[in-house]
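See structure below.
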Amino acid sequence: MNSSSKFPPIKCRRCLYTTDHPLGLTIDEEGVCSGCRIHEEKDSLDWGKRWELLKELVAPYKVLSGRTYDCIVPVSGANDSYYVVHIVKKCLGLNPLLVTYNKYFNTPLGVRNLANLRIKFDCDILYQNINPVSVKKITRTTLRELGNIYWHCLAGQTAFPVQTSVRYKIPLIIWGAHQGIEQVGMFSHEHAVEMSRRYRKNHDLIGLEADDLLSIFDTLNEDDIWQYRYPDDATLKMVEVRGIYLGNYVRWDPKMQHEKMMKLYNYLGANLDRTFDSYDYVDCFNYMGIHDYTKLIKHGYSKVTDHACREIRHGRISREEGFSLVNHFESKPVPFIDQFCQWLEISPRSLAFILNQHGANNRASVGYDGNYEYSQQKRRAPTKLLDPSEILSKLAFESATSWELKAGDQYITFGKGWSKNDRTLC
Amino acid sequence: MLKKRLIGVVTVRQGLAVQSFGYSRYLPLGSPELVIENLDRWGADEILVQCIDRSVQKLGPDFSLLKRVGDLGLSTPLIYGGGIRHTDDAVKVISLGADRILIDSILWDSQPMIEAISRELGVQAVIANMPVHIKLGQIYWRNYRSSEEVLLNINTAQQLPIEWISEILLTDWRHEGFSKGFDRRIPLVFPIIKNPFILFGGLSEYDQYTDVLSIPNVVGVGIGNFLSYKEHAIQNIKDKITAISLRTAHYTAE
């Protein structure tokens, strides 16, 4: 929770965010939030000029001998992975080393998309598989202390690329969009902000580095957390590591980008229970499941609000339509609780007990009978609620129905293969 | 010769560290404590935390923030500004871990209070913030609460209690936050020459730092927004500036 939370939240008049946003949000004199203001730059910047800046920036990193990689690109089985690799390899002509952190909550479609990415782009890829016993211990600690099951994913996804950069002496890391810019307008695109330890700790890791998790009152120890350490400053300096964000140089529009990747490389999406965006988080059982619900419990909103705000800003839906979609999806059941409890080896009642302790609002809680209760009473629609099916038809997100998760599906905990079932690779 | 200083400026509004642009537009950065912790690790020569809404909203200093910052165990000297109303506030700010205080509103409201604070803390602990800008060759001092401006000349400057102030933070408020914005005439035409200056507002480039730090009466520069864009921003500046005597860059090794 950010330290501004003691101030009464103020709503943006354009999107659905309030100043309670955990990344921080400011509202200007016209009642418009920093996220919406910075988004306006997408329609005013000279993106051709910014593309030239990007080309100039990466040119010195091209390895002429061809004996090593030009850069590192962190990927998963979803999000913007395809588009980033497309830009890096096909448009900038760089030879990237792909790196991916195994989050253990992998879906069959996520594994399929990652395998397809490697094949279609003909790239080398490094997987990091941390000892699952340690991952579970960390998850138990962060769930108990922070009400967060995703700390290890975010820590791993943000540390492993930097560790690899140091280990292989490949200074340039290329990320997709900067979450702080996309959601809350933390920086102008023209600031050309780069990866930093401070941002990672503050926003990705909720203020806690790996070493901060260690406590004499816990079973977690040095052997469990060292893989999540960010390299020290002297090491970063020695290799001259820098991480850039493509979103500062390319007009970022995830929906359009994913649809382009579907056409060009057969990226696949699938419908998810708790949001209308069928492209972003199809690689994970939990991001749009239990993790999404913990966000609702702690912050009073869930991922569908992020997706709706993004679509409002891109002008594809109105604020009223966005609100109606949020209202529709936020109250959907939380899927795959049993799989998570089975993986973490805790009972659903224990999970309910811990989640309720982290509830910072009265909108969401968990009954000890496993009922994930949700109240919409405190939200008031700006006008009347609209029919979500009409809005969804207008947005027209695509999905591959054969890859949709079913109730009995299990995590694919080792990331190199894919499920042997009737689903085909391409 | 005394080394000159790079001062990391953390602007806090409604409890949130922000980027500030021209005293009127703000972008969120995150937790003030984590921004401060980062500047400490990077080896800033001094850290200035300015809570810009405390006086306007009559909230007093942000003691809660100071307590949390004190718990960080910083090795970098800390300046705190924002909401300080009287000697008791100033003493409490120092007791919570700040090394010096920055005053702005009191300069307008109660100049005798500045003497009282300095007698309590020592003159070395009191810095005055003066938001200024140059119009038609003359320098104007802005009251940021009322947006009123006063022409600063020899006569008006003589009325300020400069003997109770150690250094003056000259803030180019119009260009604050904007790249290459700082008006370098400010330290040259400012009518007080007895007190050393810290310059702030739109200082973003290596050649700017070298240029203004070479002015004899300038002892340091404040840098805010521009420290948030790249890793090792403080060390990079120190590595690049060779013509000015600064503490050397430090890269933490675990």
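The values are calculated or read from the model by the stated rules, or taken from the named source; none is laboratory data. In this text the structure is predicted, and so the values were computed from the model without any measurement. Cβ: placed from backbone, ideal geometry, glycine included. Neighbour counts: every protein chain shown. Just so you know, the surface numbers come from the protein's heavy atoms only, side chains and all, with ligands and any DNA or RNA stripped out. Shrake-Rupley method; radii C 1.70, N 1.55, O 1.52, S 1.80 Å.
Overview of values
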| item | result |
| --- | --- |
| Estimated FRET transfer efficiency when R0 is 30 angstrom, pair B:Tyr206-A:Asn131 (beta carbons, to 0.05) | 0.10 |
| Average beta carbon contacts from partner chains per residue of A:227-233, 10 Å cutoff | 3 |
| Segments A:142-148, B:232-238 sorted - mean Cβ within 10 Å per residue, highest first | B:232-238, A:142-148 |
| Exercise: per-residue mean of other protein chain Cβ atoms within 10 Å, A:237-247 | 2 |
| Net +/- balance of residues flanking A:Pro333 in space, Cβ distance below 12 Å, scoring K and R +1, D and E -1 | -2 |
| Where labels lie 7 Å past Cα in the beta-carbon direction, separation of B:Ile154 and B:Asp53 in nm | 4.4 |
| Average projected area [Cα convex hull, the stretch A:31-115], square nanometres | 8.4 |
| With 10 Å bins from 0: P(r) over the stretch A:225-276, alpha-carbon pairs, percent | 17, 25, 23, 29, 5 |
| Estimated FRET transfer efficiency when R0 is 35 angstrom, pair B:Lys135-A:Arg13 (beta carbons, to 0.05) | 0.50 |
| Peptides ranked, highest mean first, by Cβ atoms within 10 Å: ranges A:83-92, B:129-138 | A:83-92, B:129-138 |
| Square roots of 5 times each gyration tensor eigenvalue, C-alpha, the stretch B:44-95, largest first, Å | 19, 12, 10 |
| Packing-based order for A:275-287, B:217-229, using average beta carbon neighbours within 10 Å, highest first | A:275-287, B:217-229 |
| Loop sites in the stretch B:163-202: trypsin sites (Lys or Arg not before Pro), DSSP, at most 10 other Cβ within 10 Å | B:Lys194 |
| Spatially proximal lysines relative to A:Lys90 (Cα-Cα < 22 Å; intrachain offsets below 8 disregarded) | A:Lys49, A:Lys55, A:Lys62, A:Lys120, A:Lys255, A:Lys260, A:Lys263 |
| For the stretch A:24-181, the fraction of alpha-carbon pairs in successive 5 Å shells from zero, as % | 2, 7, 14, 16, 16, 15, 13, 9, 5, 2, 0 |
| Residue-normalised accessible area of the stretch A:278-414, expressed per residue, 1.4 Å probe, Å² | 44 |
| Number of partner chain Cβ atoms within 10 Å, mean per residue of A:13-24 | 2 |
| Sequence-distant lysines (8 or more away, or on other chains) whose Cα lies within less than 17 Å of B:Lys3 | B:Lys238, B:Lys240 |
| Scattering profile of the stretch A:252-307 at q = 0.20, 0.31 Å⁻¹ [log10 I(q)/I(0), Debye over alpha-carbon scatterers] | -0.74, -1.23 |
| Diffusion constant of the stretch B:177-254 at 37 °C, which comes from Stokes-Einstein with the Kirkwood Cα-pair radius and 0.692 mPa s, µm²/s | 245 |
| Radius of gyration, Dmax [the stretch A:219-331; alpha carbons; angstrom] | 18.6, 51 |
| Residues B:Asp99 and B:Thr252, FRET efficiency given R0 of 35 Å [Cβ-Cβ distance, rounded to 0.05] | 0.95 |
| Scattering curve values for the stretch A:90-130, log₁₀ I(q)/I(0), Debye with Cα scatterers, q = 0.19, 0.25 Å⁻¹ | -0.62, -0.94 |
| Chain A - share of DSSP beta bridges that are antiparallel (%, nearest 5) | 35 |
| Solvent-accessible area, 1.4 Å probe, carbon plus sulfur percent, for the stretch B:72-220 | 52 |
| Space enclosed by the convex hull of the alpha-carbon atoms of chain A, per residue, Å³ | 148 |
| Pairs of alpha carbons in the stretch A:134-254 whose separation is greater than 25 Å (percent) | 30 |
| For the stretch B:1-160, projected area of the alpha-carbon convex hull averaged over all directions, nm² | 10.5 |
| Simple spin-label estimate for A:Asn95 and A:Glu390 in nanometres, 7 Å along Cα-Cβ | 5.6 |
| Chain A: calculated mean residue ellipticity at 222 nm from DSSP helix runs of at least 4, using -39500 (n - 2.57) | -11000 deg cm²/dmol |
| Calculated [θ] (222 nm, deg cm²/dmol) that DSSP helices of n ≥ 4 give over chain B, each run adding -39,500 (n - 2.57) | -7000 deg cm²/dmol |
| A:Ser347 versus A:Arg167: modelled label distance in nm, points set 7 Å from Cα along the beta carbon direction | 4.0 |
